[in-house]
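The values are calculated or read from the model by the stated rules, or taken from the named source; none is laboratory data. No experiment lies behind these values; they were computed from the predicted model shown. All Cβ positions, even for glycine, are placed from backbone atoms using ideal geometry, and neighbour counts span all protein chains on display. When the accessible area is computed, the model is the full protein with side chains, heavy atoms only, and any ligands, DNA or RNA have been set aside. Shrake-Rupley method; radii C 1.70, N 1.55, O 1.52, S 1.80 Å.
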Amino acid sequence: MFEEIRFNKIDRLPKYVFAAVNEIKMAARRAGEDIIDFSMGNPDGPAPKHIIDKLIESAQKPKNHGYSASKGIYKLRLAICNWYERRYSVALDPEYEAVATMGSKEGYVHLVQAITNPGDVAIVPDPTYPIHSYAFILAGGSVQKMKLPFDENYEVDEEQFFKNLHQALNDAFPKPKYLVVNFPHNPSTATVTLEFYKELVKIAKKERFYILSDIAYADLTFNGYKTPSILQVDGAKDVAIESFTLSKSYNMAGWRVGFIVGNKKLVGALQKIKSWIDYGMFTPIQVAATVALNGPQDCVEEIRSKYEKRRDVLIESFSRAGWQISKPKATMFVWAKIPKEFEKIGSLEFSKKLLTEAKVAVSPGVGFGEYGENYVRIALIENEKRIRQAARNIKKFLKDYRS
C-alpha cells in the first residue's frame, strides 16, 4: 500500500539461491516423487536418550517454566567453560567470557548486531555460509570478500590465505574491524592447523581487528584430524571469540543451543544486547544442554562415526557412478566439484538437472558465494542405503548425458 516506505535492510538481501532448488524439490514431492535429499545440513537422528531424559525430568518442575537468564543459566555457562578446559586446556570465566545462545546462528547474528556500526567492514572468506556475510549487511555494515584457498584434500593453503588477507586489508575502505573464519569450513569442509591461528592472532594484533571464529563442526572430523581452537593461542582472547553449537555433535539441531566464548568486550556486548531482546532458552533445554556437555561423550563419537561411514559410502559409490569426488576430513558435508561437462551451465542449473532427472537434491555452490561456483554441497543426512540409491540414479543420469 505505502510504496514510499521501503525496508532498506531487507532490500539489501538477495534472493535466496537455494530457494530455486527447494521449490523444485517440494513440487516433485507433492507430485509423489521420491527425492533423495542432500540439500540441507539437518541431522536425521534423535538427540541421545540421556539428554532427552534430562529435558523431560527438568520440564516436570514448575519452577523451570518461568523466564530464564538471557545469557544462559550459570550451570550451562560453567559447563561450556569446562568443555573448553577438557577439550582445549583453555580457561574461561563463565561470568564474563561465555554466553549461551539460541543456536550459534542466533548468537552470531546478535553479536554482529551489537558490534557493527553503519559502514563497518568485515572480511569474510568466499565461499561462505551465507549468514556469515549477511549478518553484517543486516547490521548496516559492509563485507570485503576474499577467496578461500584450499587444495584437493580440502586443506587450506595457509600461506596463500594470509596473502589474500593482506590484500583484502589493503583493498578495503574503511579499514576492516572484523574477520570471520569458520574451520572446519561450511561449505567447503576445508581445515586448518593450530599454526594458522597463531599467525592469524599475530596479524590481528598488528592490524587491529577482531576475529570471529565459528567451529560448529569441531567434533565431526575423520582420519585422525582434530579441530584446533583459536583460543588455544596465547593472547587469542585479546582479539577473538569463538562460537559452537550442540546441533551437529549431539543431534540437537531443533533444540537451538549454542554458545559464544572468548574476548570479554565482544562477549559483554552480546550479553548486553541479549538482555534487551530475549529471556534466554527454555530452562529445561539449558539443563539438558548442561548434561550434554558434562556427560558421557560416547554419543558424540557414535554420531561422528555415522558421518564418516556415510562419507566413505558416498565417495565410493559416486565414484563408481562416474562422479569423482575428493574425500573431506571434516564436517557433515561433501564439497563436490561438478562433473566437467556441466561446468558450462554452472552449479545452479546442474543442481536443477540433478533434481529433475536423477531425483537427487544438493545445494548449488554459487549460493555460498562467487568462488563456490562449479561445486555443490552434499549433506550426509541420508542413510547408507539411500546414498547408494542416489549413486544408482546419478549413474544413469550421467550415462544418459554422456551417451
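What to note about this one:
- The stretch 119-178 - accessible surface per residue (Å², probe 1.4 Å): 43 Å²
- Longest to shortest principal axis, alpha-carbon extents of the stretch 203-244, angstrom: 36, 16, 13
- Helical contribution to [θ] at 222 nm, DSSP H n ≥ 4, -39,500 (n - 2.57), averaged over the chain, rounded to 500: -14000 deg cm²/dmol
- Partner lysines for Lys395 [C-alpha distance under 17 Å; skip if fewer than 8 residues away on the same chain]: Lys337, Lys340, Lys352, Lys353, Lys359, Lys385
- Residue of Ala288, Ala20, Ala31 that the Gaussian network model of the chain assigns the largest fluctuation, springs spanning Cα pairs under 10 Å: Ala31
- Contact order normalised by residue count of the stretch 56-126, Cα under 8 Å, 6+ apart, percent: 23 percent
- Karplus-derived 3J(HN,Hα) values for the stretch 207-216, using 6.51 cos²θ - 1.76 cosθ + 1.60 with θ = phi - 60°, are 8, 6, 9, 8, 10, 10, 9, 10, 10, 4 Hz; glycine and proline are entered as x.
- Hydrodynamic radius by Kirkwood, which averages 1/r over all alpha carbon pairs of the stretch 261-319, in angstrom: 15.2 Å
- Counting all C-alpha pairs of the stretch 35-147, share separated by more than 24 Å (%): 51 percent
- Sequence-distant residues sharing a close amide H with Val257 (under 5 Å, placed H): Gly103, Leu246, Ser247
- Amide H within-cut-off set for Asp37, under 5 Å, with H built and near neighbours excluded: Ala361
- Contact order, relative form, for the stretch 251-350: 15 percent (alpha carbon pairs under 8 Å, 6 or more residues apart, mean separation divided by residue count).
- Taking a ≥ b ≥ c as the square roots of the Cα gyration tensor eigenvalues, the stretch 125-219 comes out oblate, since a/c reaches at least 1.5 and a/b does not exceed b/c.
- For the stretch 359-375, Karplus couplings with θ = phi - 60° (6.51, -1.76, 1.60), whole Hz, Gly/Pro x: 6, 10, 9, 9, 9, x, x, 5, x, 9, x, 3, 7, x, 4, 6, 10
- Each 10 Å bin from zero up to the one holding the largest Cα-Cα distance in the stretch 188-339 carries the following percent of pairs: 10, 30, 32, 22, 6, 0.
- Computed over the stretch 256-362, the range of Cα coordinates on each principal axis works out to 53, 33, 27 Å, biggest value leading.
- Residue of Glu349, Glu23, Glu199 that the Gaussian network model of the chain assigns the largest fluctuation, springs spanning Cα pairs under 10 Å: Glu23
- Once backbone amide H atoms are built at 1.01 Å from N, Leu179 has Ile123, Tyr210, Ile211, Leu212 as its partners under 5 Å, excluding neighbours fewer than 5 places away on the same chain.
- Whole-number D in µm²/s for the stretch 140-182 (Stokes-Einstein; Kirkwood sum over Cα pairs; 20 °C, 1.002 mPa s): 188 µm²/s
- Cα gyration tensor shape of the stretch 218-305, rounded if a/c is under 1.5, else prolate or oblate by comparing a/b with b/c: oblate
- Net charge of Cβ neighbours under 15 Å - reference His50; Lys, Arg +1; Asp, Glu -1: -3
- Derived scalar couplings between HN and Hα for the stretch 194-202 equal 5, 4, 4, 5, 4, 5, 5, 4, 4 Hz in order, rounded to whole Hz, by the Karplus curve 6.51 cos²θ - 1.76 cosθ + 1.60 (θ = phi - 60°), x for Gly and Pro.
- Solvent-accessible area of the stretch 250-403 (1.4 angstrom probe, protein heavy atoms only): carbon and sulfur portion equals 52 percent.
- On a per residue basis, the stretch 290-403 carries 43 Å² of accessible surface, using protein heavy atoms and a 1.4 Å probe.
- Label assignment, Cα Rg over 2.2 N^0.38 Å derived from the structure, set (i) 0.92; (ii) 1.05; (iii) 1.00: (iii)
- Gyration tensor (alpha-carbon) shape descriptor, the stretch 334-403, a/c threshold 1.5: oblate
- Residue of Arg29, Arg386, Arg304 that the Gaussian network model of the chain assigns the largest fluctuation, springs spanning Cα pairs under 10 Å: Arg29
- Net charge contributed by nearby residues that have their C-beta within less than 9 Å of Pro284 (K/R +1, D/E -1): +1
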